[in-house]
Protein chains: 2
Amino acid sequence: MRATYIYGAGDIRVEDAPDPRILRPTDAIVRVTRACICGSDLHPYHSMPASDQGATIGHEFIGVIEETGADVATLKVGDFVIAPFAWSDGTCPFCREGLQTSCEHGGFWNMPRLQVGGAQAEAVRVPLADGTLVKVPGPVSPDLYPSLLSLSDVYGTGWHAAVRAGITDGSTVTVIGDGAVGLLAVLSASQLGAEQIILMGRHQSRTDLGRKFGATDVVAERGEEGIERVRELTGGYGTRAVLEAVGHMPAYEQALGVVRPGGVISRVGVPQYESAPVGFGSLFGKNVTLTGGPAPVRAYIEHLLPAVLDGTVNPGEVFDRTVDLEHTPDGYRAMDERSALKVMVTP
Amino acid sequence: MRATYIYGAGDIRVEDAPDPRILRPTDAIVRVTRACICGSDLHPYHSMPASDQGATIGHEFIGVIEETGADVATLKVGDFVIAPFAWSDGTCPFCREGLQTSCEHGGFWNMPRLQVGGAQAEAVRVPLADGTLVKVPGPVSPDLYPSLLSLSDVYGTGWHAAVRAGITDGSTVTVIGDGAVGLLAVLSASQLGAEQIILMGRHQSRTDLGRKFGATDVVAERGEEGIERVRELTGGYGTRAVLEAVGHMPAYEQALGVVRPGGVISRVGVPQYESAPVGFGSLFGKNVTLTGGPAPVRAYIEHLLPAVLDGTVNPGEVFDRTVDLEHTPDGYRAMDERSALKVMVTP
């Protein structure tokens, strides 16, 4: 098959790769219908040291079951499935409580030692298929592919940010970041009943989509100026919930500036830092809660799916470009230059 | 009157001081019945640069109203009151939602510019008396003084840790620190229904009191060894809630080590650091929530008072020494040397 590899910063190649095959009786092989490029794929795209050894990449896909291992009980060849960005057994204590990203036997795509490949490819070996994959009742219209694909990561991740922040009817919320996750955090906050949703972002085409998803205000300014604008919009207090969908330190600092005393900062942007201010002058003195982490999207797919299937919501609108697999490198360039918000890949 | 001043590390003096007087119509003057020394008073006792100018100290007291300003409506001369460690108006948006430590017009004791003195003294000017003070229905038996005094800070602070951590029936909890706040965090977790309460502390007289308050296990080991012990006691997972009642970095690191994925670290020890690990390798990857802050004890006093008055709980057991006001410096020494857990001061 053909699959995408990263050889270092800026160096994405599509190459011949071995066809994935069943290695364990709990595996399934999924033929990829659509994959996509994630904002977090841009981190290695910016910083990975050059290497002779390519690494597979991509962790979001929908597809059709092509083969199942002997122990796979709930899925069969031909099923249309959504794959969350983490695989999980569905039975361990963490899975049972909806924290599949901490599954005792699970993992993430692109783990070469376990022979788990990447999603920007023609096919993928899925370990623990019964626990991992969610079947979509058929027939599935191609019109729904973008929104179904968003359930593999960005929609569930935005939802996780909103749920962890405790958003409910009447909440006030600031969303930091106008990438796909930020915009879907806006949609999620709106679905959960938030009254005021302030989207901080500078790209008008994106913030326009944010308004469509439910943002009541847009703040284009950043840093101290942006913080001042949010305070003006909230009677001087800031918002109770802040959904941080970027992962860089300036976004964290922005969150500290716009959160109301007693409020919650919910992070889903993968932190590109390890240490951050949490002491009396930042979190502690204001009794601010810091929460979030890798979204257990597997826990949310069944809940979010019906409104996607019946067209109530259209999270797939975050995709504004499509490339075929051979042109995946162009997709990375477009997202890196910010000429595309999120790029879908058609194998 | 006589009042306690700190002139630098290790230098506590009891001196003549001007009698406090009504400066605003919302003030009250409270004659101190009992005050005490807080673990957090030891921070300046360890590190304050020497100065010719003494600073008042102490922030926990119970006493009797001696005089009220013209606008004080709910309190009268002779009332027995508990003073929380922060003063607050009781009417601003933060007070109304129970976050009096963020009161828009409030503050803390020992703010010389506002002529608000310290509690280790014969009398104190209390600003915003109606919002700040809680009247205890009389007559008040001296036997109750220690437990009533604990409501001015340490009991409410332990309670805040437990409430913010979401402790409920069946919770598993680790409490880090066997000081007065840690022990009362144990009592609070027990009152809220926690099933397993692991107390990490090394002083047997203290951990024995912790067992009396409800600790099911005691771990004397620290660092990696202590973390291993907690994991052994919890099927390898750690506890869902960790109440951190110390404030130093090793206690934070301990908390990271013993918290279950998806769990909560609730801090009430005043952090002696500003930055700390919060990234993928610490909080984020495990979806751990970090919460806590200065306890709005004013919000909890009425709730906690009945069980104190009827003797159901006896949080005052944390006091194991009493000194008169002139011997306050001895009280500091005893707490610093750890020969006393918590020292009560009788003016």
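Mind telling me which of the residues A:247, A:214 ends up being touching a Leu at 6+ places or on another chain (Cβ under 7 Å), of a type outside the set (Lys, Arg) and on the phi > 0 side of the Ramachandran plot? Even if it seems obvious, please write down each step before you answer.
Values: A:247 fails: touching a Leu at 6+ places or on another chain (Cβ under 7 Å).
After ruling out the rest, the residue left standing is A:214.
Can you say whether residue A:270 is outside the structural domain of residue A:60 (by TED's automatic domain parsing), touching a Pro at 6+ places or on another chain (Cβ under 9 Å) and over 25 Å from residue A:196 (Cβ atoms), as far as the supplied structure shows? Considered against the rule, which asks whether it is outside the structural domain of residue A:60 (by TED's automatic domain parsing), touching a Pro at 6+ places or on another chain (Cβ under 9 Å) and over 25 Å from residue A:196 (Cβ atoms), residue A:270 comes out as yes.
For (1) over 19 Å from residue A:226 (Cβ atoms); (2) of a type in the set (Ser, Thr, Tyr); (3) in the same structural domain as residue A:257 (by TED's automatic domain parsing), each residue gets a yes or a no:
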{"residue": "A:166", "(1), (2), (3)": "yes, no, yes"}
{"residue": "A:170", "(1), (2), (3)": "yes, no, yes"}
{"residue": "A:175", "(1), (2), (3)": "no, no, yes"}
{"residue": "A:188", "(1), (2), (3)": "yes, yes, yes"}
{"residue": "A:196", "(1), (2), (3)": "no, no, yes"}
{"residue": "A:200", "(1), (2), (3)": "no, no, yes"}
{"residue": "A:204", "(1), (2), (3)": "no, no, yes"}
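Only a single item in (1) within 16 Å of residue A:135 (Cα to Cα); (2) β-branched (Val, Ile, Thr); (3) open to solvent by 10 Å² or more (accessible area, probe 1.4 Å) is not met by residue A:56, and it is number (1).
I'd like to verify a number: residues in region B:171-196 that are within 20 Å of the chain's Cα centre (by Cα) and more than 16 Å from residue B:155 (Cβ to Cβ), how many? Count: 3.
Looking at this structure, is residue A:91 under 28 Å from residue A:184 (Cβ atoms), open to solvent by 20 Å² or more (accessible area, probe 1.4 Å) and assigned to a loop (DSSP other than H, G, I, E, B)? If you could, list the steps in order and put the result at the bottom.
Numbers: under 28 Å from residue A:184 (Cβ atoms): no; open to solvent by 20 Å² or more (accessible area, probe 1.4 Å): yes; assigned to a loop (DSSP other than H, G, I, E, B): yes.
Judged against the criteria, residue A:91 is not a match.
Checking residue A:209 against (1) surrounded by fewer than 18 Cβ atoms within 10 Å (Cβ to Cβ); (2) of a type outside the set (D, E, K, R); (3) in a helix (DSSP H, G or I), which test does it fail? In the conditions (1) surrounded by fewer than 18 Cβ atoms within 10 Å (Cβ to Cβ); (2) of a type outside the set (D, E, K, R); (3) in a helix (DSSP H, G or I), residue A:209 misses (1) alone.
Yes or no: residue A:142 at pLDDT below 95, open to solvent by 20 Å² or more (accessible area, probe 1.4 Å) and of a type outside the set (Val, Ile, Thr)? No; evaluated as a whole, the condition is false for this residue. Condition check for residue B:285 on (1) more than 7 Å from chain A (Cβ to nearest Cβ); (2) open to solvent by 10 Å² or more (accessible area, probe 1.4 Å); (3) free of Cβ contacts under 8 Å to residues at least 40 places away in the same chain: one failure, at (1).
Within region A:58-84, which residues are within 21 Å of residue A:25 (Cα to Cα) and outside any strand (DSSP E or B)?
First, pick out the residues of region A:58-84 that are within 21 Å of residue A:25 (Cα to Cα): A:63-84.
Within region A:58-84, A:69, A:70, A:71, A:72, A:73, A:74, A:75, A:76, A:77, A:78, A:79, A:84 meet the criteria.
Residue A:345 falls short on exactly one of the conditions (1) buried (at least 24 other Cβ atoms within 10 Å of the Cβ); (2) out of contact with any helix residue (DSSP H, G or I) (no Cβ under 7 Å at 6 or more places or on another chain), and that condition is (2).
Pick from region B:248-271 the residues that are at the interface with chain A (Cβ under 8 Å from one of its Cβ atoms) and more than 17 Å from residue B:238 (Cβ to Cβ): which of them is surrounded by the fewest Cβ atoms within 10 Å (Cβ to Cβ)? That would be B:270.
Could you check, for region B:69-82, whether at least one of its residues is of a type in the set (Val, Ile, Thr), touching a Gly at 6+ places or on another chain (Cβ under 7 Å), away from chain A (no Cβ under 14 Å) and open to solvent by less than 50 Å² (accessible area, probe 1.4 Å)? Looking for residues that are of a type in the set (Val, Ile, Thr), touching a Gly at 6+ places or on another chain (Cβ under 7 Å), away from chain A (no Cβ under 14 Å) and open to solvent by less than 50 Å² (accessible area, probe 1.4 Å), one finds at least one in region B:69-82, hence yes. Counting only strands (runs of 3 or more DSSP E) that sit completely within region B:1-52, those holding 2 or more residues that are assigned by TED's automatic domain parsing to the domain that holds residue B:112 and open to solvent by less than 20 Å² (accessible area, probe 1.4 Å) correspond to B:2-8, B:28-36. In region A:192-206, is there at least one residue being open to solvent by 20 Å² or more (accessible area, probe 1.4 Å), over 30 Å from residue A:347 (Cβ atoms) and within 14 Å of another protein chain (Cβ to nearest Cβ)? Within region A:192-206 (the criterion being open to solvent by 20 Å² or more (accessible area, probe 1.4 Å), over 30 Å from residue A:347 (Cβ atoms) and within 14 Å of another protein chain (Cβ to nearest Cβ)), the answer is no, since none of the residues qualifies.
Determine whether residue A:147 is under 19 Å from the mean Cα position of the chain (by Cα) and either assigned by TED's automatic domain parsing to the domain that holds residue A:23 or at negative phi (or both). Yes; evaluated as a whole, the condition is true for this residue.
Is it the case that region B:163-170 has a residue that's assigned to a loop (DSSP other than H, G, I, E, B), open to solvent by 10 Å² or more (accessible area, probe 1.4 Å), closer than 29 Å to residue B:324 by Cβ and at pLDDT 95 or above? I'd like the intermediate steps shown before the answer.
Quick first cut of region B:163-170, residues assigned to a loop (DSSP other than H, G, I, E, B) only: B:165-170.
Retained after the next criterion (residues that are open to solvent by 10 Å² or more (accessible area, probe 1.4 Å)): B:165-170.
Filter again for closer than 29 Å to residue B:324 by Cβ, leaving none.
No, the conditions are met nowhere in region B:163-170.
The residue of region B:295-331 that is farthest from residue B:209 (Cα to Cα), among those that are within 14 Å of chain A (Cβ to nearest Cβ) and open to solvent by less than 10 Å² (accessible area, probe 1.4 Å), is B:296.
For region A:30-48, the criterion of being in contact (Cβ under 8 Å) with a residue 60 or more places away in the chain and over 19 Å from the mean Cα position of the chain (by Cα) is met by at least one residue.
For region B:94-141, residues that are touching a strand residue (DSSP E or B) at 6+ places or on another chain (Cβ under 8 Å), more than 14 Å from chain A (Cβ to nearest Cβ) and of a type in the set (Gly, Ala, Ser) total 8. Quick check, is residue A:275 in contact with a Gly (Cβ under 9 Å, 6 or more places away or on another chain), polar (S, T, N, Q), surrounded by fewer than 21 Cβ atoms within 10 Å (Cβ to Cβ) and in the same structural domain as residue A:165 (by TED's automatic domain parsing)? Yes, satisfied. When region A:95-127 is filtered for residues that are part of a helix (DSSP H, G or I) and surrounded by fewer than 23 Cβ atoms within 10 Å (Cβ to Cβ), the ones remaining, listed by number, are A:96, A:112, A:113, A:114.
The values are calculated or read from the model by the stated rules, or taken from the named source; none is laboratory data. Quick caveat, the model's predicted, so the values are computed rather than measured. Backbone-built Cβ (ideal geometry, glycine too); neighbour counts: all protein chains shown. Only protein heavy atoms, including side chains, enter the accessible area calculation; ligands, DNA and RNA are left aside. Shrake-Rupley method; radii C 1.70, N 1.55, O 1.52, S 1.80 Å.
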